[in-house]
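Chemist: I'd like to ask you about the structure that follows.
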Number of protein chains: 2
Amino acid sequence: MLNNAAVDRVFHALAEPMRRELVERLSAGPMSVSDLAQPFRVTLAAIVQHVQVLEESGIVRSEKVGRVRTCRLDPDGLKVAERWISERRSLWERRLDRLGELLAEDDPSDSSPTKSKKKRKKP
Amino acid sequence: MLNNAAVDRVFHALAEPMRRELVERLSAGPMSVSDLAQPFRVTLAAIVQHVQVLEESGIVRSEKVGRVRTCRLDPDGLKVAERWISERRSLWERRLDRLGELLAEDDPSDSSPTKSKKKRKKP
DNA sequence: GGCATTGTTTAGCATCGGCTTGACTATCTG
DNA sequence: CAGATAGTCAAGCCGATGCTAAACAATGCC
C-alpha cells in the first residue's frame, strides 16, 4: 500500500478528542479559527496547532483572507479513513458469511461459540 | 453523545500503525497471539499489549483455550468508527449540495476561492 | 497614527504511550 | 517428571504529543 502514510496521518489526526470535536463543528459549516476555538478552554495557539494537524492529514482545508483563516472540511480526507475501515470490515464479514454457509450446509446445530461442535462432512 | 468514550477508544486504538496492521492480519481470519506477532520485530509482550488495546476498544475479541489465545475481528468495533466518520462526512456533503443548489438558483456570484463556475439549473 | 483583532511561531514543560526486560504462570509434550 | 511453549504482569526508559507562555506579524478600525 502506497497511501499508507496518508492513512497514518488521518488516523493520527482523528485520535485526538479535541480534533474530532473540531471536525464535528466543521461538519456544520466553515468557520474561522477563533470561532472554532470559542467553546474550548485552551489557548488559540493550541487550536491552531490542531488545525495544522487536521490540514496536513487532508481532513481540513483552509484559506486566509485578510487576517482571518477560514477552515472547511474536506470529505476526501475522511474518505481515506472510511475506506480503510470498511475494506477490513467487509473482508472479515464476507469471511464470516462464507463460514456460515459452510456450517449451514449440513449442520443445523447452533453456531454460537459456547461448545461449538465441529461436525465436518466433506463430500 | 454518550458513546463518546467508545469512539475515543476505537480511534485511539486505530491510531497506531502496528495495531492497524494487526487488524489487517485479523481481517483475513482468526489468529493466535504468537501467530499475530510473527512478522513483527518486537517482543511478544508488545503484541499482547496492542491486542489488549484493540480488545478494550471493541475491535477485537479473543478467547483463550489451553495456553493459546485466539483473536478475531469484531465488526461492531470498527462500525463505531465507520459511523462516526460517515456521519460527519455526509453531513458536510449534504451541506455542500444544498449550497450548490442555492448558488445555482439565481446568484452566479462565486463563493469558492478558485473560480468555480457552477451553472446548475434546478427543474 | 494608534490600538485592537486574528493569527503564527518557538521554546519549554508535563504527560502519555510504546517497547523492553525480567520474573512469573499455565499448559503441553516427551 | 523436565523442558519447551504461550502468554501475562510490572517496572522503567524514552521519544512523541498537547498545551502554555511569550514574542511577533499582519490586518482592520477609529
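Chemist: Could you check the stretch A:43-66 and list, in sequence order, the residues that are in a loop (DSSP other than H, G, I, E, B) and within 12 Å of DNA strand C (Cβ to nearest atom)?
Modeler: A:T43, A:G66, listed by residue number.
Chemist: For A:V65, which of the numbered conditions (1) within 11 Å of chain B (Cβ to nearest Cβ); (2) at pLDDT 95 or above; (3) touching a strand residue (DSSP E or B) at 6+ places or on another chain (Cβ under 9 Å) fails to hold?
Modeler: Status for A:V65: all satisfied but (3).
Chemist: When you go through A:R88, A:R94 one by one, which is the residue that is under 24 Å from B:G29 (Cβ atoms), in contact with a Ser or Thr (Cβ under 8 Å, 6 or more places away or on another chain) and part of a helix (DSSP H, G or I)?
Modeler: A:R88
Chemist: Going by the conditions given, is B:L22 under 27 Å from A:D97 (Cα atoms), within 15 Å of the chain's Cα centre (by Cα) and surrounded by 16 or more Cβ atoms within 10 Å (Cβ to Cβ)?
Modeler: The answer is yes for B:L22.
Chemist: Among the candidates A:E63, A:E93, A:E55, single out the residue that is charged (D, E, K, R) and closer than 30 Å to B:L73 by Cα.
Modeler: A:E93
Chemist: Let me ask another. So, in the stretch B:69-80, exactly how many residues are touching a Ser or Thr at 6+ places or on another chain (Cβ under 9 Å) and either modelled with pLDDT under 95 or assigned to a helix (DSSP H, G or I) (or both)? Please lay out each step first, then the result.
Modeler: Taking the stretch B:69-80 and keeping what is touching a Ser or Thr at 6+ places or on another chain (Cβ under 9 Å), we get B:69-73, B:75, B:77-78, B:80.
The next check asks that each one be either modelled with pLDDT under 95 or assigned to a helix (DSSP H, G or I) (or both); those that pass are B:75, B:77-78, B:80.
Number of matching residues: 4.
Chemist: Report whether or not B:S27 is of a type in the set (S, T, N, Q) and buried (at least 18 other Cβ atoms within 10 Å of the Cβ).
Modeler: yes
Chemist: Looking only at residues in the stretch A:87-99 that are buried (at least 17 other Cβ atoms within 10 Å of the Cβ) and not hydrophobic (A, V, I, L, M, F, W, C), which one is nearest to B:L22 (Cα to Cα)?
Modeler: Only one residue tops the list, namely A:R88.
Chemist: Can you tell me which residue is farthest from DNA strand C (Cβ to nearest atom) among those in the stretch B:1-21 that are out of contact with any helix residue (DSSP H, G or I) (no Cβ under 9 Å at 6 or more places or on another chain) and assigned to a helix (DSSP H, G or I)?
Modeler: Ranking the candidates gives B:A5 first.
Chemist: If you scan the stretch A:22-35, which residues turn out to be closer than 16 Å to B:W92 by Cα, assigned to a helix (DSSP H, G or I) and either within 13 Å of DNA strand C (Cβ to nearest atom) or in contact (Cβ under 8 Å) with a residue 24 or more places away in the chain (or both)?
Modeler: Within the stretch A:22-35, A:L22, A:V23, A:L26 meet the criteria.
Chemist: Provide a single number: the residues in the stretch B:19-59 that are within 11 Å of chain A (Cβ to nearest Cβ) and farther than 17 Å from A:E87 by Cβ.
Modeler: Looking only at that region, the number is 1.
Chemist: Just wondering, is there one or more residues in the stretch A:98-110 that are within 11 Å of chain B (Cβ to nearest Cβ), at pLDDT below 95 and either within 12 Å of DNA strand D (Cβ to nearest atom) or within 26 Å of B:R72 (Cβ to Cβ) (or both)?
Modeler: yes
The values are calculated or read from the model by the stated rules, or taken from the named source; none is laboratory data. Please read all numbers here as calculations on a predicted model, not as lab measurements. Every residue, glycine as well, gets a Cβ built from its backbone with ideal geometry; the counts of neighbours run over all protein chains shown.
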